[in-house]
Amino acid sequence: MKPSDKSSSSVPSDPQGVQNRVRGAMSAMLPFYRRLLPTEVRALIPEGLRRAAKWALGIKDPIVRVQELRVRLNDLGFTERALEDLTSMSESDEPVERQLAIWDLAVWHANRRSAEGSAAALELLDRGLDDVAHPELRRREAILRAECHATLGEVDAGRRVIEEVLRVTQHPDLHLAAANLQQAPDDRQRHINGALALFNLPHVSLRPKTGEPLYDCLTVTETLPPAHGAKVSVIVPAYNAADHIGTALQCLIDQTWRNVEVLVVDDLSTDDTAAVVSEFSRREPRIKLIRAEANRGSYVARNIALSEASGEFVTTHDADDWSHPRKLEIQARYLQAHPKVMANMSQQARATSELVFHRRGNPGHYLFDNMSSLMFRREPVLQKLGYWDSVRFGADSEFIERIRVSLGRNSVVSLAQAGPLSFQRQSESSLTGSSVFGFHGFFMGARLAYHQASRRYHRSRKRLFYEFPQKKRPFAIPEPMQPFREISKGERRHFDVVIASDFRIPGRIKARNLQHIEQAINRGIRIGLIQTACYDFDPTTQVLPEFRNLEDRGEVQFLVAGEHVVCDQVVVPHPPVLEKFQRFMPAVEAGAVHVLVEEIPPNLSDLRRWRVGWRHARQTRRGILVVPSPGSPETRACPELAG
């Protein structure tokens, strides 16, 4: 074994190692530099020179550092270590670094939606952000504070925070935040209309409740003039939506844009969805019921309807959502007035059944682009791009990106200036639930893998046409996203070997990973891969193309969080991936776990350190077997480290 091969560095590339050593030597001078040049003097140095000096010293911009920690915390699930690093940054002497870290910590605690988390968030905001002057930051901070006060039952305190900012500036997010703090439905309605008024949208009212949730009482009583023009096909995929689909269909019937066909695809529901839709179609001839032959998810259901659509424009609508009666008119008129634009999206706010607005991911913002509102020109999009990707979730953003890649970045427009044209229904359980396949404002697990794989495919092809029915996938996807699942609910897939490593790292680690995979392929066994990140490696780096190519050829399968698998053995070629605990990992029950090391540690402390990051799995029935890398005869079994 060469001396240079003895270490098991997270970043093994030689050029990177040289750069790190140079930066390490220069960083030793950093304390002297800071003492010699106070902040006031350093500010006089030209920005370009300061940036060059920071690069040479390995000092990252505070914004970049916090962004990378955010990716580690959210996307990669390094909850414990990333929080430690953010906490350390929050105590920095550098004001910008300190405030950025405090904000991210406060957001993380607020997102726990618990009394403990809200109290911690308020304490952080009081400590570091009580003198924010920028209007947007002040508004976002006020909304976050109000949410925390509401969680703690301090509604009056939350109202005072929002009212103070509303006296200075009018903003739709502030009005929706104020609505959340009202008990009486009329007061809640008043603030919702305050948000709509900023966009000159007709006001909503609430029908008298007859047992249904407040959300389902939404209506617009003002008589609005009808609008006429090109035919719009509205696709509504539905599965077990009998309780709420009436609200969606009624709001589509009430649209001012009259030339509409509504295509409802029942995705083999087990409730009365089909009966409810049939009753609506009996009264309203513009509504058509289509029955799917098998349950394959909403995007396959959309594609079934798209095959039958006859409108010049096509859009979709969720089966349990409510939209403003001018929604279709505003979007269709924009396409008619801008013939070079291929598609547009309107905005929405998420609301519970009792009209409590919920933000997702973006603190201080309730309004965001409604991807399912995408309205596009049917013939040119079908001809150039075909259909939605036939997956079970996550294909809205892929379809939009595919249009932009093929037809230009400006081919899809966001109509943010039109205001909230839909209220997406937010289930109560999903507010605090941690659905591993859901979208929580960031990509993780299956959605992260799909996002990265689809973008890679877009970059590698000149033609991005997706057929339907989809006879062959354009690129590999995680098993939970398949329209036809390999297993039934509650079952577990079996693999002969699962290799857990960081498949993003080039150089020696890549070669070692490929060696183990090729050996398994030559044995003709079933192989699963788990992307297990090294904490200190660049969190924005993606899985190397060599491993994605193996996946696309069907020789390996990447396993993701939310999956439960059984395997004969787990092989860990790069032990540092076990050092830090990651939340978003599949559950693995293994006959044995083999950790491959280049040198056997003299004691068990390092092995126990590795196990910290592996506690998310049921390790093994026989203990963790520590095996030297090929070429060394040493072996040591450590059953005491087993779960």
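The values are calculated or read from the model by the stated rules, or taken from the named source; none is laboratory data. Keep in mind it's a predicted model, so treat the numbers as computed, not measured. With ideal geometry, Cβ positions are generated from the backbone for all residues, glycine too; neighbour counts draw on all protein chains shown.
Does the stretch 416-435 contain at least one residue that is under 28 Å from PRO573 (Cβ atoms) and surrounded by 19 or more Cβ atoms within 10 Å (Cβ to Cβ)?
No.
Could you give every pair whose Cβ atoms fall below 6 Å, whose first residue belongs to the stretch 375-389 and is among the basic types (Lys, Arg), and whose second residue is modelled with pLDDT of 95 or more and surrounded by fewer than 19 Cβ atoms within 10 Å (Cβ to Cβ), counting only separations of at least 6 or pairs across chains?
Matching pairs, first to second residue: LYS384/SER406.
Looking at (1) modelled with pLDDT of 95 or more; (2) in contact with a strand residue (DSSP E or B) (Cβ under 8 Å, 6 or more places away or on another chain); (3) within 30 Å of LYS288 (Cα to Cα), can you tell me which one ASP173 breaks?
Condition not satisfied by ASP173: (3).
I need the helices (runs of 4 or more DSSP H) fully contained in the stretch 70-183, keeping only those with at least 2 residues that are over 25 Å from the mean Cα position of the chain (by Cα), surrounded by fewer than 23 Cβ atoms within 10 Å (Cβ to Cβ) and not polar (S, T, N, Q).
It comes to 95-110, 115-128, 135-151, 155-166.
Assigned to a loop (DSSP other than H, G, I, E, B) and touching a Gly at 6+ places or on another chain (Cβ under 9 Å), is that true of GLY524?
In short, no.
Can you tell me which residue is nearest to SER233 (Cα to Cα) among those in the stretch 252-303 that are of a type outside the set (A, V, I, L, M, F, W, C) and free of Cβ contacts under 8 Å to residues at least 24 places away in the same chain?
PRO285
Picking from ASP173, ASP156, which residue would you name as being more than 21 Å from GLN426 (Cα to Cα) and of a type in the set (Asp, Glu)?
Going through ASP173, ASP156 in turn, the sole match is ASP156.
For the stretch 184-225, how many residues meet the condition of being over 27 Å from GLN331 (Cα atoms) and either assigned to a loop (DSSP other than H, G, I, E, B) or among the acidic types (Asp, Glu) (or both)?
Total meeting the criteria: 9.
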